Amino acid sequence: MTKIPLSCQSIKSITMDRKDFLKKGLVGTGMFVTSAALGSVLKNEIDELKELDIIGFNHIPNTNSKTMANTVFHKADSRGDANHGWLHSKHTFSFANYYNPERMHFGVLRVLNDDIVSGGMGFGTHPHDNMEIISIPLEGDLAHKDSMGTSSVIKSGDVQVMSAGTGITHSEFNNNKDELVKFLQIWMFPNKRDVTPRYDQITLNAADRKNKLQQILSPNENDSGVWVHQNAWFHLADFDKGASQAYQLKSKGNGLYIFNLKGNLKVNDQLLESRDGYGIWDIDTLTLTAESDAEFLIMEVPMNM
C-alpha cells in the first residue's frame, strides 16, 4: 500500500479514494443497545455514525495552548461527551454524533473512546471491516461474541484486538448486571486492506508496568502483547510520584499520542492531568515524569497512511 502523507495538499487527493473505506468502516458500525438478560437488540437512533470525509486532521498545531508546532494538546473536558443512559462515552476524536473536523484522527489513530456501560447492557451485533480495533478494559468485565465463533470475556488487565479485514460482525456487553464496565475503545487504520479477520486477547501482568513501560501491542506476532496490521506500538505504565523514563520512538515517521488515565504526568514540559491527551511528532525521544502517582497509555503510530 502506497503511503500518502496526511498533509493539507494530500487531503483533497485521498478523500475520494478513502470515502468508501470510511463509509464502510465507520457508517457500517451503527451502534446498537442490547440487554444481556433479554437478548433483545434495539437500534440506538441517537448514536448512528455518519459519513466522515477526511476534511481535517488531528496532528495540527494547537493555537490555544503553549505548545510547539509539532504537538497537539487535548484537555479532558474538551472531548465529545455522549451520555445515552446505558452508555456514557467520551470521544477524543470525531465519532458518531460528535463531529469536529480538526479532531478527526492522529495519524492512523482514528478513534479513542473512553466508555462506561451500565450493568447488563451493551452493543448488539454490528459489522466492521478494514479497521484494527483494540479494547482495553479498565474496570469490570466485557463479554464478546463474533462471527468468527469467538465467545469470551475480557476483564481489567486484559487487552483485546480484532483485525476486521474483509468484514466481521460482533457484539459486546457488560457481563455483570450490577456493576459498570469501563474500557477504552481504540481504532486504527490498517496498513493492509482486506486481510482475513482475526481475534486475539491476552492477560497482562500489572507488575510489569510498575515504574516502567509495559509493551501491550506491536506489529510483530512474536513480540510482547497483541499484534496488529500497522507499524504501531502501545505501552501502559503505572508510575509512582517522581518516577521518570525516556521513550525512544521505534520507527521513523511515527508520532506519539499519550492518554493520561490517572494522576499528573509531565511529557517533556507539558503537564497532563487525568484523561488529558497529548500528541507529538517529528521527534526521536521524549521524557515522561510522574508529578504524582500516574497511570497512562502511550500509542506510537504512523503519521502517514
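The values are calculated or read from the model by the stated rules, or taken from the named source; none is laboratory data. Because the structure is a prediction, the values reported are computed rather than measured. Positions of Cβ are backbone-derived with ideal geometry, glycine not excepted, and every protein chain shown enters the neighbour counts.
If we scan the range 73-81, do we find a residue that is part of a strand (DSSP E or B), small (Gly, Ala, Ser) and surrounded by 20 or more Cβ atoms within 10 Å (Cβ to Cβ)? Show your work before the answer.
Within the range 73-81, the subset part of a strand (DSSP E or B) is 73-74, 80-81.
Narrowing the set further to residues that are small (Gly, Ala, Ser) leaves 80.
Those left that are additionally surrounded by 20 or more Cβ atoms within 10 Å (Cβ to Cβ): none.
No, there is no match, as no residue in the range 73-81 is part of a strand (DSSP E or B), small (Gly, Ala, Ser) and surrounded by 20 or more Cβ atoms within 10 Å (Cβ to Cβ).
Those residues that are more than 22 Å from Ile136 (Cβ to Cβ) and touching a Phe, Trp or Tyr at 6+ places or on another chain (Cβ under 9 Å), I need them from the range 265-285; list them, please.
The answer is Gln270, Trp281, Thr285.
In the range 247-305, what residues are closer than 21 Å to Leu217 by Cβ and among the basic types (Lys, Arg)?
Lys250, Lys252, Lys262, Arg275, listed by residue number.
Could you tell me whether any residue of the range 209-230 is closer than 18 Å to Ser156 by Cβ and part of a helix (DSSP H, G or I)?
Scanning the range 209-230 turns up at least one residue that is closer than 18 Å to Ser156 by Cβ and part of a helix (DSSP H, G or I).
Just to check your reading of the model, which residue among Ser163, Ser156 is of a type in the set (Ser, Thr, Tyr), surrounded by 19 or more Cβ atoms within 10 Å (Cβ to Cβ), over 19 Å from Gly85 (Cβ atoms) and touching an Asp or Glu at 6+ places or on another chain (Cβ under 7 Å)?
Ser163
Could you grab me the full set of residues in the range 253-281 that are surrounded by fewer than 18 Cβ atoms within 10 Å (Cβ to Cβ), at pLDDT 95 or above and either under 13 Å from the mean Cα position of the chain (by Cα) or within 25 Å of Phe189 (Cβ to Cβ) (or both)? Write out each step before concluding.
So in the range 253-281, the residues surrounded by fewer than 18 Cβ atoms within 10 Å (Cβ to Cβ) come out as 253, 262, 264, 266, 268-269, 271, 273-275.
From the residues that got through so far, the ones that are at pLDDT 95 or above too are 262, 264, 266, 268, 271, 273-275.
If the condition is that a residue be surrounded by fewer than 18 Cβ atoms within 10 Å (Cβ to Cβ), at pLDDT 95 or above and either under 13 Å from the mean Cα position of the chain (by Cα) or within 25 Å of Phe189 (Cβ to Cβ) (or both), then Arg275 is the only one that fits.
I'm trying to understand the selection: among the residues of the range 139-149, which are part of a strand (DSSP E or B) and either modelled with pLDDT of 95 or more or surrounded by 19 or more Cβ atoms within 10 Å (Cβ to Cβ) (or both)? Break it down stepwise before answering.
Step one: list which residues in the range 139-149 are part of a strand (DSSP E or B), which gives 139, 141-146.
Glu139, Asp141, Leu142, His144, Asp146, listed by residue number.
Does Thr169 satisfy the criteria of being hydroxyl-bearing (Ser, Thr, Tyr) and over 24 Å from Ser89 (Cα atoms)?
Values: hydroxyl-bearing (Ser, Thr, Tyr): yes; over 24 Å from Ser89 (Cα atoms): no.
No: the conditions fail for Thr169.
Evaluate the range 184-196: report whether one residue or more is buried (at least 17 other Cβ atoms within 10 Å of the Cβ), out of contact with any helix residue (DSSP H, G or I) (no Cβ under 9 Å at 6 or more places or on another chain) and not in a strand (DSSP E or B). Even if it seems obvious, please write down each step before you answer.
In the first step, residues of the range 184-196 are kept if they are buried (at least 17 other Cβ atoms within 10 Å of the Cβ); the result is 184-191.
From the residues that got through so far, the ones that are out of contact with any helix residue (DSSP H, G or I) (no Cβ under 9 Å at 6 or more places or on another chain) too are 184-186, 188, 190-191.
Okay, now just the ones that are also not in a strand (DSSP E or B), so 190-191.
Within the range 184-196, one or more residues are buried (at least 17 other Cβ atoms within 10 Å of the Cβ), out of contact with any helix residue (DSSP H, G or I) (no Cβ under 9 Å at 6 or more places or on another chain) and not in a strand (DSSP E or B).
Might you let me know whether the range 225-240 holds any residue that is out of contact with any helix residue (DSSP H, G or I) (no Cβ under 8 Å at 6 or more places or on another chain), of a type in the set (Val, Ile, Thr), more than 16 Å from Gly165 (Cβ to Cβ) and surrounded by 13 or more Cβ atoms within 10 Å (Cβ to Cβ)?
Among the residues of the range 225-240, not one is out of contact with any helix residue (DSSP H, G or I) (no Cβ under 8 Å at 6 or more places or on another chain), of a type in the set (Val, Ile, Thr), more than 16 Å from Gly165 (Cβ to Cβ) and surrounded by 13 or more Cβ atoms within 10 Å (Cβ to Cβ), which makes the answer no.
Find all pairs meeting these conditions: Cβ atoms under 6 angstrom apart; at least six residues apart or on different chains; first residue within the range 257-271 and free of Cβ contacts under 8 Å to residues at least 40 places away in the same chain; second residue part of a loop (DSSP other than H, G, I, E, B) and buried (at least 18 other Cβ atoms within 10 Å of the Cβ).
Hits for this filter: Asn260/Asp276.
Pull out all pairs, ordered by first then second residue, where Cβ-Cβ is under 9 Å, the residues are six or more apart or on different chains, the first lies in the range 139-162 and is touching a residue at least 60 places away in the same chain (Cβ under 8 Å), and the second is surrounded by 14 or more Cβ atoms within 10 Å (Cβ to Cβ) and of a type in the set (Lys, Arg).
Filtered contacts from the range 139-162: Val161/Arg198.
Quick one: is Lys241 in a loop (DSSP other than H, G, I, E, B) and without any contact (Cβ under 8 Å) to a residue 60 or more places away in the chain?
Judged against the criteria, Lys241 is a match.
For the range 93-138, name all the residues that are basic (Lys, Arg) and assigned to a strand (DSSP E or B).
Arg110 - this is the single residue of the range 93-138 that is basic (Lys, Arg) and assigned to a strand (DSSP E or B).
Pick from the range 282-298 the residues that are farther than 24 Å from Gln185 by Cβ and small (Gly, Ala, Ser): which of them is surrounded by the most Cβ atoms within 10 Å (Cβ to Cβ)?
If we take residues in the range 282-298 being farther than 24 Å from Gln185 by Cβ and small (Gly, Ala, Ser), then Ala290 is surrounded by the most Cβ atoms within 10 Å (Cβ to Cβ).
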